[in-house]
Structure formats: C-alpha cells, structure tokens
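S.K.: This is the structure I want to talk about, given as structure tokens.
The values are calculated or read from the model by the stated rules, or taken from the named source; none is laboratory data. Model, not experiment: these values are computed from the prediction. As a convention, Cβ positions derive from the backbone with ideal geometry for all residues, glycine included, and neighbour counts pool all protein chains shown.
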Amino acid sequence: MSTENIIDGKAFAAGLRERVGREAAQVKDAHGLTPGLAVVLVGDDPASAVYVRNKGEQTREAGMQSFEHRLSADTPEADVLALVEQLNTDDDVHGILVQLPLPDQIDEQKVLSAINPDKDVDGFHVTNVGRLWTGGDALVPCTPYGCILMLKDRLGDLSGKRAIVVGRSNIVGKPMAALLLAESCTVTIAHSRTKDLAQRCRESDIVIAAVGRPEMIKGDWIAPGATVIDVGINRVDAPEKGMKDDGTPKTKLVGDVDFSEAAEVAGAITPVPGGVGPMTIACLLRNTLVAACRQNGIEPPAI
Ligand code: NDP
C-alpha cells in the first residue's frame with residue numbers, strides 16, 4: 001500500500017501550532033496582548049486529566065498564558081458557575097474551556113451556556129452555533145475545524161464537491177456539515193436511520209466519518225479517489241498484540257473507517273491514531289488567539 005494518500009495529522013497539527021505561535025508573538029509585539037486560555041477540570045477522570053495537561057503544555061509552547069482550574073469531583077454546580085462567571089470577567093482570560101464530561105450533579109448545558117460566547121473556544125454555546133449557521137463570526141468547534149483545514153490543504157477549493165457527514169452530533173457532525181456548506185459543498189448528513197448508507201457514501205467526493213463504531217465504513221463504500229476523514233476514536237481488543245497481566249487482550253485504537261480497505265481506493269485518508277485527533281488542540285489554540293484578537297478590536301490572523 002502506498003503512503004502518499006495518507007494525511008499526516010500529527011505533522012499538520014505541529015505546523016498549525018507553529019503558525020499560531022508565530023501569529024501570537026506578532027500580536028504580542030504589535031499590541032502587547034498575550035492570549036490566555038482557562039481550562040476547568042472537575043473530577044479526576046484520568047483521560048481528561050491527561051488531555052488538560054497536554055492543553056496546558058501546548059498553550060504555553062505557543063506563547064500564550066494557560067490557567068488551569070482543577071476542582072474536586074463533588075464540587076457543587078453553583079461553584080462551577082461562579083468560577084465561569086469569574087473567568088468571564090477576567091481580562092487576562094480570552095478563552096474558557098470546561099472539560100467534559102462533568103460529574104452527574106452538574107448540568108452540562110447550564111455550565112456551557114454560562115460561558116461568555118466570545119470566550120467560548122469550544123464553540124458549543126448556542127450563540128456560536130447560530131453564528132456558524134448564519135455565516136457570522138463564530139468560534140467554531142475544534143475537531144470539525146481541524147477537518148476543514150486538512151481538507152482544504154489537500155483539495156484546495158471545496159466548492160461544488162459532494163460531501164457526506166456520517167454522524168449528526170452537536171460537537172462533530174452538525175458543525176462539520178455547516179462548515180462544508182459554508183465552503184459550498186453539497187452536503188448530505190447521515191445518521192443511524194439513513195437508508196442505503198453505503199451507496200450514499202459511494203456517491204461522495206468527501207466522506208467524513210463521525211460515528212463511534214469501529215471500522216464500520218468499508219473500502220467498497222468509498223469512491224475511487226475520494227477523500228476520507230475519519231473522526232472516530234474506538235478502543236478495541238487487539239489479541240495480536242498479546243495479553244495484559246490481568247489475562248485480557250491488549251487493546252488498540254481504530255477509527256470508524258476500515259483503514260486498510262479504504263486506503264486502497266481513497267485519494268486521501270486520515271489514519272487513526274495520527275489523523276484528526278492531533279488537530280483538536282491545535283485548533284483550540286487557534287480559537288484562543290482569534291478570540292483574544294476579537295475581544296481587543298484586532299483583526300484576527302487568517303488561520
Ligand atoms: P455521538 O455518539 O454523539 O454521535 C454519533 C453519531 O453517529 C450519531 O449521530 C448517530 O446517529 C450516528 N450513528 C450511530 N450509529 C450509526 C450507524 N450504524 N449508521 C450511521 N450513523 C450512525 O458521537 P460524537 O459525534 O461525539 O463522536 C463520534 C466519534 O468521533 C467518536 O468515535 C468519538 O470518540 C470521536 N471524536 C473524536 C474527536 C477527536 O478526534 N478529537 C473529538 C470528538 C469525537 P443518531 O443521531 O441517529 O443516533
């Protein structure tokens with residue numbers, strides 16, 4: 001199998017972080033402004049803790065300020081809301097990200113809605129959802145934005161292309177569809193009730209998989225030369241790697257696309273891991289820079 005059609009998300013994300021860092025340095029020189037990102041972590045979920053630590057490190061590496069707020073798992077909702085309110089009014093904080101999921105006693109939607117939309121670097125606030133669909137100055141959810149950047153890098157102008165988004169969640173599928181529409185693609189949004197899904201995919205120049213089902217999309221669902229972006233992250237047993245000390249098989253990550261089959265026909269394809277995943281934090285840094293510029297009346301860089 002040739003590797004020319006594999007999109008290296010890790011390298012692309014590193015390049016994006018570097019560009020954001022350069023632009024942030026320019027903003028600092030020209031305007032004395034250092035963008036700041038506040039991340040709120042409630043509880044001690046190990047995966048979230050690793051993710052928050054990586055965000056902090058990469059924020060500092062890009063020359064921005066990182067503010068990390070770690071609260072215990074039994075923190076009452078009112079305390080989280082009070083912290084969000086404090087961050088909303090803190091002029092050093094330009095982006096606020098509340099790490100999901102939140103513990104059961106906290107209403108996620110209530111917390112996300114409390115974030116000032118201009119600091120909502122995750123792009124989940126309804127105001128940003130509305131701005132995205134109406135062509136306004138939205139802060140766009142990071143994962144779909146990363147997908148669009150990779151697509152434009154590979155394909156250039158996306159105008160007129162037939163794109164299918166498999167998955168309609170608020171955090172990936174729907175914003176992905178809005179972004180493709182904004183690029184003048186003809187967009188199909190598919191979901192668990194879609195009929196003839198394989199055929200719908202086969203008719204598409206661009207296939208975005210955001211389902212959460214390991215290797216569901218097969219090679220013969222992909223038109224020769226089509227571009228495939230696999231957002232899925234699924235942990236599955238990998239007995240071929242041997243057994244763990246507890247006698248259960250070792251595991252590995254796979255996407256929603258059967259990579260080995262699809263890579264034989266696709267014009268370009270993202271692997272899992274190393275495709276879409278690394279782009280998410282890079283786009284978060286980009287959103288923080290954009291938010292900081294807008295809050296200070298500065299034209300944001302076009303990245
Ligand atoms: P959700 O579970 O919220 O949504 C899954 C979507 O897939 C739903 O719209 C569902 O349809 C659809 N679906 C489920 N089964 C089928 C099927 N058999 N055929 C067609 N459609 C189906 O997931 P998310 O959007 O949050 O995440 C999707 C994947 O992306 C996950 O693997 C997740 O881990 C990954 N992810 C990766 C990120 C990254 O790389 N940084 C970030 C976020 C997510 P319906 O609405 O009808 O139920």
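S.K.: Residues G274, G247: which one is crowded, with 16+ Cβ neighbours inside 10 Å and either modelled with pLDDT under 95 or not in a strand (DSSP E or B) (or both)?
M.R.: Going through G274, G247 in turn, the sole match is G274.
S.K.: Still on this model: Given the criteria aliphatic (A, V, I, L, M) and loosely packed, with under 15 Cβ neighbours inside 10 Å, does A82 qualify?
M.R.: Spelling it out, A82 is indeed aliphatic (A, V, I, L, M) and loosely packed, with under 15 Cβ neighbours inside 10 Å.
S.K.: Could you please find all residues in the stretch 91-149 being among the polar types (S, T, N, Q) and not in a loop (DSSP other than H, G, I, E, B)?
M.R.: Listed by number, the residues that qualify are Q109, S113, T127, N128, T143.
S.K.: Moving on. How about the stretch 260-284: which of its residues are away from the ligand (no atom under 14 Å from the Cβ) and out of contact with any strand residue (DSSP E or B) (no Cβ under 7 Å at 6 or more places or on another chain)? Quick ask: steps written out before the conclusion?
M.R.: Our first condition is that a residue be away from the ligand (no atom under 14 Å from the Cβ); within the stretch 260-284, this holds for 260-269.
The answer is S260, E261, E264, V265.
S.K.: Here's a follow-up. Quickly run through the stretch 191-203 and pick out the residues that are more than 10 Å from the ligand (Cβ to nearest atom), of a type outside the set (K, R) and out of contact with any helix residue (DSSP H, G or I) (no Cβ under 9 Å at 6 or more places or on another chain).
M.R.: Correct list: D196, E203.
S.K.: In addition: Any chance you could count how many residues in the stretch 104-119 are crowded, with 17+ Cβ neighbours inside 10 Å and either within 19 Å of P76 (Cα to Cα) or touching a strand residue (DSSP E or B) at 6+ places or on another chain (Cβ under 7 Å) (or both)?
M.R.: 6
S.K.: For the stretch 1-44, give me each residue that is of a type in the set (S, T, Y) and either free of Cβ contacts under 8 Å to residues at least 12 places away in the same chain or surrounded by 22 or more Cβ atoms within 10 Å (Cβ to Cβ) (or both).
M.R.: Matches in the stretch 1-44: S2, T3.
S.K.: While we're looking at this one, here's another question. So the check is Cβ under 6 Å with 6+ separation or different chains; which pairs have a first residue in the stretch 289-303 that's over 16 Å from R17 (Cβ atoms) and a second one that's of a type in the set (V, I, T) and surrounded by 17 or more Cβ atoms within 10 Å (Cβ to Cβ)?
M.R.: Hits for this filter: A291/V121; P300/V290.
S.K.: Then there is this: Read through the list (1) within 16 Å of the ligand (Cβ to nearest atom); (2) more than 22 Å from E4 (Cα to Cα); (3) among the acidic types (D, E), then give the number of the only condition that D230 fails.
M.R.: All conditions pass for D230, except number (2).
S.K.: With respect to G232, determine if the residue is in a loop (DSSP other than H, G, I, E, B), crowded, with 24+ Cβ neighbours inside 10 Å and out of contact with any Pro (no Cβ under 6 Å at 6 or more places or on another chain).
M.R.: Yes; evaluated as a whole, the condition is true for this residue.
S.K.: Report yes if some residue within the stretch 249-258 is under 30 Å from H94 (Cα atoms) and within 24 Å of the chain's Cα centre (by Cα); otherwise report no.
M.R.: no
S.K.: Check whether at least one residue in the stretch 63-75 is within 26 Å of G277 (Cα to Cα) and touching a residue at least 60 places away in the same chain (Cβ under 8 Å), and report yes or no.
M.R.: yes
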